[in-house]
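Below is one structure; the comments refer to it alone.
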Amino acid sequence: MDQTATAEAAELSAASKLNPVEQSQLLLARLMEGGQEDDKTCQALDRLTFLLNDEADWNARRVNKRGPKNFYAGLPPDEEEKKRSEAGSIVDVLDDVCVDTVLGYLDMRQSDAVRDHAVLTASAYFGAAKEKGAQALKKFFFDRVKRGAYDDYIVAFCVSAAVFPIAPNPTVQMFLSEGFLASLAPLMRRKWKSRKVETACLEMLNAASMHPDCRGPIRTYCTEWLEEVVAQDPETLSTAVHAADPDVEMSTGSISMRRHSQVVQNLAAVILAKLTAVPSTTRDMTQGDEGRIQPATTSIEDLSKKFTTLLLAEPKNDKGPAIEGLAYATIKPTVKEEVASNPELLKSLVNTLRDAPAKSLITYGILSIFVNLTRYLPVRSEEEKKMDQLKAYANAAGKLAAPNPLNGDSHVADRCKQVFEAGVISVLVTHSRYGSNASLSLIISIVYSLSVNISLRGQLAQQGAVNLLIAAWTALPDTEAPAKRMAAQSLARILISTNPSLVFGGTRARPQNAAIRPLVSIIPPDPVAETRDLLPSFEALMALTNLASTDDDTRATIIRTALPEIEEQLLSSHHLVSKAATELICNLVQCVEGVALYAAGTTQAADRLHILLALTDAEDEATRSAAGGALASLTAYEEVVRGIIKRKRGVEVVLGLCAEDSEDLRHRGVFIVHNMISQEGEAGKLARKEIQDKDGIEILKTCAKKSRRAEVVEVTAQALKILLEEE
């Protein structure tokens, strides 16, 4: 071990014996000194983050009487409190100079690694310091801005941009303080420019434009010069300088110092896209008639073309700003159409997504673009439409604005097809394995929209969407309930339209039983939805019916997993849901476990049979057909035949099927009758007598005369023969 390593080991050993406050002082001294390697700086920041979080946890436990222990783990509460009181608070140690030091590591001139670790430290500080931290941030920011030097502007703007997401309230307050936004235009219009100041300023505005309270003021004070930045042409600038002073010596450097960099122009375009695409929650601030800012003249369509050009430019440049800008621009319907109708751009986005890290801003941005392109408008009930109308009158609007036709289902369907043809599914499958919950939710949203198109469902399954959705549903926590329901409904749609043996038959495919739990989860209506949507229930039942057509193991698994939910939907007020549940039961009774539900001879089995008989007499023909099909299988068992005979009007309901106008229904009816009267022993004797007493012979004769299909006539003739012989 060399001398440096030995010294470091000794220092760590000595530091571990210090209390948290003493360790913090040592770390702050090291950070103030500077000049260390980046990895050493990151280690110091990480340790300070740990200590600050430890203090915040302690404060939370004192209030809530719960929470984790870190530094003083293992000590009794009384002894822990004594030691902390003796040591003091780390927050009190962090005076203005220390805060200045920590926040200074958020400077854009620091390495990305140091900045990332400094963000975590700043977040821990604001969590521990609360209001004191907010006041320290404001003091730091305004002190730097008042100095007016380029270095101070850079640090102040970089800190503001970095802490917007982690400390929004104090950052918004200082951002919207009187005179601050108005002072940015003169700074950005200086003749001799600092590119780092411009970049830091626009990164701050870019972060602020995410906040709804900030968009209006930014639109008021900054739109004009943001458009100037975007519109500036280097050639035009050179010509203008020469025209103003023909004798000026126009070196590359002099022109360069007068114009905005490409990075700055791209950032300005992104901010304008956010201001144009997303409304603010506040009215635009004005300074009277003289200071009123004119509305933006750069359209969202112009900005989207700029982003498109940047994305398609060669050699490859930093695509981050263009992707972020396009993610906001594609909120607008006209931009959606432009992007979707550009195959080259879609291919470029897919290829960029393929190469992007799983958890990155580029990945999230491209996924957001595809979500915008493929999202359908939510279906609104008549009651919701009336409420919207009432709200419009309450707001003095009088009438609702007509929805943009480009958001109509036909246009969205075309865009979904274009996105699918760009090859997005295989890339989504790859990213779904490693992405965050946020990106996984976006992936599910894209597949959900694509699955609306029936013609795409087979290809979606072929390209791995089924495995993607099952894995996503399993991976997402229960807190992501909307995304989980969307994944399950997408899975249901695909399984309705595809052959399960083809979807799950490959060696690399998941067992089809893995799809059952996601499907069952959406049979009950969404408990938190404001309106009851039965479409997921219907689609889940249809998908389970398709799965239940395959083998007994799948049927038995569905019964064990979903029987209460299925039986609840049998009596649904919506005839399509009831029909789907009955069709599923018809498939489930083809296995031993399904038969046992109705032939067990118990009170519960009798109740189930009663419901099935009632469905055989339902108003909906398809429901009657499904219930009749289930009884056609079940009446092969003596206990079911006895149950029908015991049930009031049971035999009449069965004979009613034989008198139907539909030949399919008559076929089911005569098959049930034939099964019942063919039973041996007491059950068969009772069935034959009951059917004869209910005028069954005449009903069957009429059925034979009405029927044209040979199989119906044959079964009817066999049933009549048995009854006539008995008579």
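Restrict the search to segment 396-471; then list the trypsin sites (Lys or Arg not before Pro) that DSSP places in a loop and that have at most 16 other Cβ atoms within 10 Å of their Cβ.
Within segment 396-471, the qualifying trypsin sites (Lys or Arg not before Pro) (loop, at most 16 other Cβ atoms within 10 Å) are 399, 433.
Of all GluC sites (Glu not before Pro) in segment 640-688, which ones are in loop regions per DSSP and have a Cβ with at most 12 other Cβ atoms within 10 Å?
Details: sites: 652, 660, 663, 680, 682; in loops: 660, 680.
Of the GluC sites (Glu not before Pro), the ones in loops of segment 640-688 whose Cβ has at most 12 other Cβ atoms within 10 Å are 680.
Past 30 Å, Cα to Cα: identify those pairs from 417/484; 146/196; 139/306; 579/689; 579/721; 138/319, in the order given.
Where the Cα-Cα span goes over 30 Å, the pairs concerned are 139/306; 579/689; 579/721; 138/319.
Using the per-residue mean of other Cβ atoms lying within 10 Å as a proxy for protection, in what order, highest first, do the peptides 612-621, 483-492 fall?
483-492, 612-621
Take peptides 590-598, 710-718 and line them up by average Cβ neighbours within 10 Å, highest first, as a rough protection proxy.
Peptide ranking by packing, descending: 590-598, 710-718.
How far, in nm, would the chain grow between residue 261 and residue 611 when pulled straight, counting 0.36 nm per residue and subtracting the alpha carbon separation?
Result for the pair: 118.6 nm of gain on full extension.
Nearest 0.05, what FRET efficiency do residue 143 and residue 438 give at R0 = 35 Å with Cβ-Cβ as r?
Numbers: r = 36 Å, r/R0 = 1.03.
Given R0 = 35 Å and the Cβ-Cβ separation, E is 0.45.
Between residue 659 and residue 567, 0.36 nm times their residue separation minus their Cα-Cα distance comes to what?
Numbers: separation 92, 0.36 × 92 = 33.12 nm, distance 2.78 nm.
My answer for the length gained is 30.3 nm.
Could you tell me which of rounded, prolate or oblate describes segment 602-727, using a ≥ b ≥ c as the square roots of the eigenvalues of the alpha-carbon gyration tensor, with rounded for a/c under 1.5 and, failing that, prolate when a/b is larger than b/c and oblate otherwise?
Judged from the Cα gyration tensor, segment 602-727 comes out oblate (a/c at least 1.5, b/c at or above a/b).
Grab the Cα-Cα distance for residue 109 and residue 354, subtract it from 0.36 nm times how many residues apart they are, and report the gain in nm with one decimal.
Stretched out fully, the residue 109 to residue 354 stretch lengthens by 85.2 nm.
Can you list the residues of segment 631-659 with backbone N under 19 Å from a point 7 Å past the Cα of residue 680, pointing along Cα to Cβ?
It comes to 635-642, nothing else.
Which chymotrypsin sites (Phe, Trp or Tyr not before Pro) from segment 117-197 combine a DSSP loop assignment with at most 16 other Cβ atoms within 10 Å?
Answer by residue number: 192.
Since every read-out is calculated from the coordinates, none of them should be taken as a lab result. Computed from a predicted model, the values in this text were never measured in an experiment. FYI the Cβ positions are ideal-geometry reconstructions off the backbone, even for glycines, and counts take in every protein chain you see.
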